[in-house]
């Protein structure tokens, strides 16, 4: 009998470099364990070497170092290396334990990398760009690349507290993003990022590919954060402002996943909303927020090298049972647990739910996925 991982691969016309495996709701152990099962098959039978979680890409460096044999306490790595409080979920602990055991004694090219693909963001604040700018600046200066002095950047950054003020999420006037010093900092950060890009061919033989990739991640995070803070400061209508912020966040996700999959075949684990290939919409209180998700960018950039697989569920605590005519009910009646979306009939009613965290399937979602992995019971 084929494993879920093989069934996922069977839906692809050719072996992709990047598979996005989504979930309709965060926090279910059943979804996380299904993901872990898929990953193990991809590692053992298809040469996949990276799993990227919907968590900060910058914090994920701590996770990746630990699973490849680095020092540290697992509880600390889960707390600091997996953001959005997702480190508390048992399947993520199990994932890290498995990866560290798998990697022990293996050569670097056979090891599995575990990291994040999100920006250094939370729902109600964005990080200061200090850490990522400092890393990028130090990398360039350590290798003799002439750039602006750190004192200049440090002075423009100022204290970190105003950058992470949660009030700025709902009040544009509280954001530092419109200040002249931030505009100047964006210019200097862009110059650092472009300087790195221009010198990569000369730096790789000297510093090594991993160190250069780390600096490139720092550049993406720093410039992405500065763009995000600037957007937070725009005095727009709430729905438009949050749509813009969501779009910037997902563009960062896409950039990170493209970079990861360029090095190694990668499984991305996140919400269906982020990994679908069309347009994402969600209600945030009274607001209707819409944006282009990471999957749309990746489909456009990678074509058949990106496979979008959503997860659907039959029974789940806190979610009403699927009505008999819904897509989920049709999936429950099938023997296969992974179904190409082209084989799923359209025109069925959307599953009714009062849970704001759960996103059921509908025709629009099916049209923006390549396949669906169905979990009959996630209770």
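Answer yes or no as to whether residue 47 is surrounded by fewer than 23 Cβ atoms within 10 Å (Cβ to Cβ), at positive phi and out of contact with any strand residue (DSSP E or B) (no Cβ under 9 Å at 6 or more places or on another chain). Walk me through how you get there before you give the answer.
Values: surrounded by fewer than 23 Cβ atoms within 10 Å (Cβ to Cβ): yes; at positive phi: yes; out of contact with any strand residue (DSSP E or B) (no Cβ under 9 Å at 6 or more places or on another chain): yes.
For residue 47, the condition - surrounded by fewer than 23 Cβ atoms within 10 Å (Cβ to Cβ), at positive phi and out of contact with any strand residue (DSSP E or B) (no Cβ under 9 Å at 6 or more places or on another chain) - is met.
For the range 346-358, check the following and say yes or no: at least one residue is within 16 Å of residue 25 (Cβ to Cβ), within 25 Å of the chain's Cα centre (by Cα), surrounded by 17 or more Cβ atoms within 10 Å (Cβ to Cβ) and touching a residue at least 40 places away in the same chain (Cβ under 8 Å).
Yes, that holds for at least one residue.
Name the residues in the range 67-83 that are surrounded by fewer than 17 Cβ atoms within 10 Å (Cβ to Cβ) and under 23 Å from residue 31 (Cα atoms), would you?
Here is the first cut: in the range 67-83, the residues surrounded by fewer than 17 Cβ atoms within 10 Å (Cβ to Cβ) are 69-76, 79-80.
Scanning the range 67-83 gives 74, 75, 79, 80.
Which condition does residue 32 not pass, out of (1) over 21 Å from residue 123 (Cβ atoms); (2) in contact (Cβ under 8 Å) with a residue 60 or more places away in the chain, if it passes all the others?
(1)
Pull up the range 50-66, narrow it to residues that are in contact with a helix residue (DSSP H, G or I) (Cβ under 7 Å, 6 or more places away or on another chain) and free of Cβ contacts under 8 Å to residues at least 60 places away in the same chain, then point me to the one that is surrounded by the most Cβ atoms within 10 Å (Cβ to Cβ).
Only one residue fits best here, namely 63.
Does the range 92-108 contain at least one residue that is assigned by TED's automatic domain parsing to the domain that holds residue 25, touching a helix residue (DSSP H, G or I) at 6+ places or on another chain (Cβ under 6 Å), closer than 23 Å to residue 207 by Cα and not in a helix (DSSP H, G or I)?
No - not one qualifying residue is present in the range 92-108.
Exactly one of these conditions fails for residue 225: (1) in contact with a strand residue (DSSP E or B) (Cβ under 6 Å, 6 or more places away or on another chain); (2) under 28 Å from residue 152 (Cβ atoms); (3) not in a helix (DSSP H, G or I). Give me its number.
(3)
Which of the residues that make up the range 4-32 are in contact with a helix residue (DSSP H, G or I) (Cβ under 7 Å, 6 or more places away or on another chain), surrounded by fewer than 17 Cβ atoms within 10 Å (Cβ to Cβ) and within 25 Å of residue 110 (Cα to Cα)?
Of everything in the range 4-32, those that are in contact with a helix residue (DSSP H, G or I) (Cβ under 7 Å, 6 or more places away or on another chain), surrounded by fewer than 17 Cβ atoms within 10 Å (Cβ to Cβ) and within 25 Å of residue 110 (Cα to Cα) turn out to be 6, 14, 15.
A quick yes/no check of all residues on (1) surrounded by fewer than 20 Cβ atoms within 10 Å (Cβ to Cβ); (2) closer than 28 Å to residue 108 by Cβ:
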residue	(1), (2)
208	yes, yes
218	no, yes
221	no, yes
230	yes, no
236	yes, no
246	no, no
261	no, yes
267	no, yes
281	yes, no
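Could you tell me which of the residues 134, 107, 138, 99 is surrounded by 15 or more Cβ atoms within 10 Å (Cβ to Cβ) and farther than 28 Å from residue 293 by Cβ?
Answer to the check: 134.
Given the range 264-379, what helices (runs of 4 or more DSSP H) lie entirely inside it while holding 1 or more residues that are more than 30 Å from residue 44 (Cβ to Cβ) and at pLDDT 95 or above?
By residue number, 294-302, 327-332, 363-366.
Looking at the range 1-18 only, could you name the residues that are part of a loop (DSSP other than H, G, I, E, B) and at pLDDT 95 or above?
Once the filter is applied, which keeps residues that are part of a loop (DSSP other than H, G, I, E, B) and at pLDDT 95 or above, the range 1-18 yields 11, 12, 13, 14, 15, 16, 17.
The values are calculated or read from the model by the stated rules, or taken from the named source; none is laboratory data. Computed from a predicted structure; not experimentally measured. Backbone-built Cβ (ideal geometry, glycine too); neighbour counts: all protein chains shown.
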